[in-house]
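These notes are about the structure you will find just below.
The values are calculated or read from the model by the stated rules, or taken from the named source; none is laboratory data. Because the structure is a prediction, the values reported are computed rather than measured. Here the Cβ is made from the backbone with ideal geometry for all residues, glycine too, and neighbour counts use every protein chain on show.
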Amino acid sequence: MTKTIHSILRHKRQILAVAAIMASCAAVQAADGADPSLQAQVPEAYKNGLVGVYDPQYPPSYFIDDSGKMVGYVLDFQAALTTKLGIGSTAEQAKFAGIIPGILGGRYHTSYFHDTPERREKMDFVDVHQTGTVVMVKAGNPDGLDLNELCGHTVGVVSGAHQQLELMPKLQKECSDRGEPAIEELAFSGLNEGSLAVRTGRIQGWLGDAPSVGYIIKQTENVFATTPTPYLTGYSGFAFPKGDPIAPVIRDALGALMKDGSYIKILKDWHMESMALDAPLLNGE
């Protein structure tokens with residue numbers, strides 16, 4: 001009888017020990033943030049980690065901060081995706097001209113670009129967000145502007161940029177077709193000059209690329225805002241050599257980030273939530 005009791009107690013202790021180990025493993029897994037089903041799909045060539053390469057001259061995508069560290073929303077997405085896959089993450093620097101040859105030659109795994117038909121001939125794109133133009137205004141949008149509510153208002157653009165050459169003529173035509181006053185257009189040399197004009201009231205709104213406007217808003221908290229409606233023109237995302245088996249895995253990891261809220265959080269951190277996708281895309285599909 002005594003032996004039986006001891007045997008039962010010993011068996012219980014063994015069960016508890018196994019349970020404790022399993023709980024510990026689960027806690028580590030949760031802390032790491034890895035998704036086991038996604039981790040199992042990582043190709044062997046990527047088990048040691050993902051190497052991204054960027055030319056850090058393009059804030060807020062990737063740039064050097066005051067401490068000398070390369071940062072940006074692209075780096076945030078790379079870190080979140082590799083965490084979800086349970087692999088390491090490295091970000092290296094290179095001049096833009098050498099990045100695509102470096103990826104196609106196997107020196108690097110990925111970088112981040114606008115998804116274009118020309119680039120798709122040699123690369124697969126995991127599209128992370130839409131690209132386009134937003135209207136930047138003073139915080140609180142005191143004039144009640146939106147993309148389709150600019151007629152009769154003073155709006156700035158970069159001289160020679162597609163906002164001036166392509167978008168503004170479309171908006172002016174819409175004003176004319178509706179019988180409303182034309183937009184008063186002012187051209188500036190760049191976003192810094194344009195943002196100052198918004199701040200001082202020289203212009204009421206600014207048509208600019210969404211990432212760049214988001215960066216200005218992040219740097220000058222509670223000074224600027226964007227209006228609700230963007231002008232969407234395409235996608236941007238991580239590019240891999242054509243046929244690389246990691247691309248669909250990265251797409252699925254992006255879907256997991258969308259489900260757990262990490263995706264929209266990163267975009268909101270950089271004031272780019274208006275560029276969010278509803279679902280992950282591979283080559284726009």
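Where residues in segment 49-96 are assigned to a loop (DSSP other than H, G, I, E, B) and among the hydroxyl-bearing types (Ser, Thr, Tyr), which of them is farthest from the chain's Cα centre (by Cα)? Residue satisfying both the conditions and the ranking: SER67.
Looking across segment 269-285, the residues that are within 30 Å of GLN219 (Cβ to Cβ), among the aliphatic types (A, V, I, L, M) and modelled with pLDDT of 95 or more come down to ALA276, LEU277, LEU281. If the condition is being in contact with a Ser or Thr (Cβ under 7 Å, 6 or more places away or on another chain) and not aromatic (Phe, Trp, Tyr), then segment 90-126 contributes ILE99, ILE103, HIS114, ASP115. Of all positions in segment 127-143, at least one carries a residue that is free of Cβ contacts under 8 Å to residues at least 12 places away in the same chain, assigned to a loop (DSSP other than H, G, I, E, B) and farther than 14 Å from GLY237 by Cα.
Restrict the check to segment 256-268 and report whether at least one residue is at pLDDT 95 or above, among the polar types (S, T, N, Q) and either surrounded by 21 or more Cβ atoms within 10 Å (Cβ to Cβ) or not assigned by TED's automatic domain parsing to the domain that holds HIS109 (or both). No. Do we have GLY214 as at pLDDT below 95, under 24 Å from GLU118 (Cβ atoms) and of a type outside the set (Val, Ile, Thr) here? Against the criterion (at pLDDT below 95, under 24 Å from GLU118 (Cβ atoms) and of a type outside the set (Val, Ile, Thr)), GLY214 does not qualify.
Within segment 255-275, which residues are out of contact with any strand residue (DSSP E or B) (no Cβ under 6 Å at 6 or more places or on another chain), hydrophobic (A, V, I, L, M, F, W, C) and under 15 Å from VAL74 (Cα atoms)? Within segment 255-275, LEU257, ILE264, ILE266, LEU267, TRP270, MET272 meet the criteria. Looking at (1) surrounded by fewer than 22 Cβ atoms within 10 Å (Cβ to Cβ); (2) at pLDDT below 95, find the lone condition where TYR62 falls short. All conditions are met except number (1).
Annotation: of all residues in segment 157-194 being in contact (Cβ under 8 Å) with a residue 24 or more places away in the chain and among the charged types (D, E, K, R), the one that is nearest to TYR58 (Cα to Cα) is GLU185. In segment 137-146 there is no residue that is under 26 Å from PHE77 (Cβ atoms) and not small (Gly, Ala, Ser).
Across segment 195-234, the qualifying residues are those that are without any contact (Cβ under 8 Å) to a residue 40 or more places away in the chain and not in a loop (DSSP other than H, G, I, E, B), and the one among them that is farthest from LEU281 (Cα to Cα) is THR200.
Consider segment 144-186. How many of its residues are aliphatic (A, V, I, L, M), out of contact with any Gly (no Cβ under 7 Å at 6 or more places or on another chain) and outside any loop (DSSP other than H, G, I, E, B)?
Summing the residues that are aliphatic (A, V, I, L, M), out of contact with any Gly (no Cβ under 7 Å at 6 or more places or on another chain) and outside any loop (DSSP other than H, G, I, E, B) in segment 144-186 gives 5.
Would you check if ASP115 is surrounded by 21 or more Cβ atoms within 10 Å (Cβ to Cβ), closer than 21 Å to SER236 by Cβ, modelled with pLDDT under 95 and not polar (S, T, N, Q)? Judged against the criteria, ASP115 is a match. In segment 65-73 there is at least one residue that is of a type in the set (Val, Ile, Thr), at pLDDT 95 or above and closer than 27 Å to ALA34 by Cβ.
Criterion first (modelled with pLDDT of 95 or more and in contact with a strand residue (DSSP E or B) (Cβ under 8 Å, 6 or more places away or on another chain)) does ILE250 satisfy it? So ILE250 passes the test.
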